[in-house]
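In what follows, a single structure is set out as structure tokens and then discussed.
The values are calculated or read from the model by the stated rules, or taken from the named source; none is laboratory data. All of these numbers come straight from a predicted model, not from anything done at the bench. Here the Cβ is made from the backbone with ideal geometry for all residues, glycine too, and neighbour counts use every protein chain on show. SASA here: full protein model, heavy atoms, side chains in, ligands and nucleic acids out. Shrake-Rupley method; radii C 1.70, N 1.55, O 1.52, S 1.80 Å.
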Amino acid sequence: MGRRIVPLTLDSLQDLPVGCRSCVFWELDPVTARAAVESGKAELEKESWISAVLLEWGSCGRVVYVDDRPAGFVLYAPPAYVPRSQSFPTSPISPDAVQLMVSRVLPGYQGQGLGRVLVQTVAKDLIGRGFRAIEAFGAVGRETPSCVLPAEHLLAVGFKTVRPHHRYPRLRLEARTTLSWKSDVEGALERLLGGARKEPALRPF
């Protein structure tokens with residue numbers, strides 16, 4: 001089973017699920033996002049956002065492939081590029097952190113630890129770029145918005161609550177914590193890229 005993780009680009013954006021390619025929940029403020037969806041321009045706005053972030057800041061996502069088929073992805077960016085984050089009751093994201101916007105493993109590939117490896121890959125990337133932490137808004141409750149990560153999963157991969165809320169707590173993963181993951185990350189990536197050895201039983205994300 002061949003597996004690989006690659007940076008998100010305008011080309012690999014086409015490998016995301018249709019709904020995700022046209023989702024601008026995080027990328028635009030609520031009013032602009034609604035207008036983009038109603039006018040049928042959401043996918044163009046998504047491409048524009050990806051392009052702008054790539055040019056101005058650099059890599060803002062990863063896509064994981066299993067046997068050359070897309071199996072999951074993750075998006076992240078500094079809060080200045082994520083207008084929707086300002087609408088959350090536990091905002092703002094700390095200035096020393098990058099926001100984890102969405103992480104998703106597609107049906108058929110869940111339960112293999114891919115989600116955790118994606119988060120660890122983001123952490124390793126950000127450490128090399130001088131950021132101190134990753135933060136995310138978690139969702140609590142039965143009706144979880146599809147674009148907001150469940151708080152329980154964030155906690156499961158090492159995030160800690162820094163601003164509690166009954167519905168949308170803000171969670172944080174310190175960069176110094178990920179330093180202790182170094183060997184684990186490299187081992188996980190080796191298994192992921194090599195695909196020859198069985199992955200450990202990691203908690204689904």
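Computed quantities for the displayed model
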item	result
Total residues in region 92-113, condition of a type outside the set (Phe, Trp, Tyr), more than 23 Å from LEU28 (Cα to Cα) and without any contact (Cβ under 8 Å) to a residue 60 or more places away in the chain	2
Pairs, first open to solvent by less than 20 Å² (accessible area, probe 1.4 Å) in region 158-174, second charged (D, E, K, R), C-beta under 8 Å, six or more apart	PHE159/ARG172; PRO169/ARG163; LEU171/GLU135; LEU171/LYS160; LEU173/GLU135; LEU173/LYS160
Test: residue in region 183-203 that is at pLDDT 60 or above and loosely packed, with under 12 Cβ neighbours inside 10 Å	no
Residues of region 1-16 that turn out to be assigned to a loop (DSSP other than H, G, I, E, B), open to solvent by less than 60 Å² (accessible area, probe 1.4 Å), of a type outside the set (Ser, Thr, Tyr) and at pLDDT 90 or above, as a count	2
Residues that are open to solvent by 10 Å² or more (accessible area, probe 1.4 Å), farther than 20 Å from ILE5 by Cβ and not charged (D, E, K, R), drawn from region 94-133	SER94, PRO95, GLY130
